[in-house]
1. Round to the nearest 0.05 the FRET efficiency obtained for ARG185 and ASP251 when R0 = 41 Å and r is the Cβ-Cβ distance.
2. Evaluate E = 1/(1 + (r/R0)^6) for ASN127 and ALA241, where r is the Cβ-Cβ distance and R0 equals 35 Å; express this FRET efficiency to the nearest 0.05.
3. Any number yet on Rg/Rh for segment 237-393, C-alpha, Kirkwood?
4. Under 23 Å Cα to Cα from LYS271, which lysines show up? Leave out anything in the same chain fewer than 8 places away.
5. If you place +1 on the Cβ of every Lys and Arg and -1 on the Cβ of every Asp and Glu, how big does the dipole about the Cα centre of the chain come out, in debye to the nearest 20?
6. Once you put a point 7 Å from the Cα of ASN363 and another 7 Å from the Cα of GLU221, both along the Cβ direction, what distance in nm separates them?
7. Report ILE360's accessible area, 1.4 Å probe, all protein chains in place, as a number in Å² to the nearest 10.
8. Quick one: what are the phi-derived ³J(HN,Hα) couplings along segment 215-224, Karplus 6.51/-1.76/1.60 with θ = phi - 60°, whole Hz, x for glycine and proline?
Amino acid sequence: MSESNVWDELVGQPGAVAQLQRAVRDPASMTHAWLLTGPPGSGRSNAALAFAAALECPNGGCGTCASCRSIAAGTHPDVTVMRTNKVTITIDEVRELVSKAGRTTVSGPWRIMMIEDADRMLERTTNVLLKAIEEPAPHTVWILCAPSPLDVLVTIRSRCRQVGLRVPAPEAVADLIVKRDGIDRETALTAARAAQSHIGRARRFAREPQILAQRNAVLEEVLRLSDVTGAVATAGRIIAAVKAEAGAVADQVESKERAHLLATLGALDLKTLPPAVRAQVRQLEDDQKRRRKRRETDTIDQMLTDISGALRDVLVAQLSAEVPAINEKLEDAILACANRTEPSHVVAAIDAVRTARLRIEGNVAPILAVEAMLIAIAMPAVSHLAAGPQGAG
């Protein structure tokens, strides 16, 4: 968070900021349950943390007091944040959260319970949360975050005050990167456009140019595809790269988690684990497998977003539309693809990306979904066969 104001990093969200600030200042505008929605990269989690800090801060979110600093660091005793890398939030996790919500505050005026991925709760899990939101403990505030109001069950949605966030302009994201990271304006703007205004990805592209270069190389390969053999080979390389990227992160986290668990159980140096310890290790390994799968799915989804953006640039070039390109560094590949295809093919290719996303969400093997998508991009004549019925497996 900024040193001067907790709201400073909420880029391009004047309406949402005004609504949340009004609730902090005016008790009549405050309520016990909030639902913050917006597309990936819009800053839902940042908005929730800023709101929490402003509610606990005696100065309405100064960003410099002990309360604001502890919330930014994740150590405030009255603010609980649930984050997950798993496919779903379990019912036991929500029960524990509900139990904490009933406790009295330690130092601040509110006990704040924040769920970053409320869309990852199954219906039976959401029902556990429902009663706590319907009949909240005094001075307890729930802040739920999700991509869309429709991603949250209506029983929960109807009991929350909704705040919608939007995708910020690339220029606003670039301004934040320049201010926060000291990156030059041109690099920051290129990164912001490539990330399609996703703040987290834009910062990574700006700070680690090799990551952006690797992404651009994949997109250039996709745009130059012209046959089925090339499409299948490219799909294999993409999925392998996704698994390697997600696996590298998971390996580091998982080894630390296992060592911490064994140390906590006093079994770090044991060659043979007792049955009770083995059971807990197996539970941890099961959780890790689910989180690894989620990382892979999220990484593939980012790749699909990038491919869709590159195809959008091709369509813009074909129609001579006067709008900035997302991938300005790929001009040659974009123009080459635009010259050898028709707008109708590009529209069909964009739809094939959407179909691939639906298939993966439906548990179709990612390699099969990506192969079909790339065949549709590479071969206009067979694109209707590769795309198939929407959502089909």
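1. E(calc), rounded to 0.05, equals 0.65.
2. According to the calculation, E is roughly 0.30.
3. Here Rg/Rh amounts to 1.18.
4. Here the lysines satisfying the reach criterion relative to LYS271 are LYS256.
5. Taking the Cα centre of the chain as origin, the dipole is about 1020 debye.
6. Using points 7 Å along Cα→Cβ, the separation is 3.0 nm.
7. For ILE360, solvent-accessible area is about 20 Å².
8. Once θ is set to phi - 60°, the couplings for segment 215-224 become 4, 4, 5, 5, 5, 4, 4, 5, 5, 9 Hz.
The values are calculated or read from the model by the stated rules, or taken from the named source; none is laboratory data. Remember, predicted model here, so these are calculated numbers, not experimental data. Because the Cβ atoms are built from the backbone with ideal geometry, glycine has one as well, and the counts that use them run over all protein chains shown. Note: accessible area is taken over every heavy atom of the protein model, side chains too, but ligands, DNA and RNA are not part of it. Shrake-Rupley method; radii C 1.70, N 1.55, O 1.52, S 1.80 Å.
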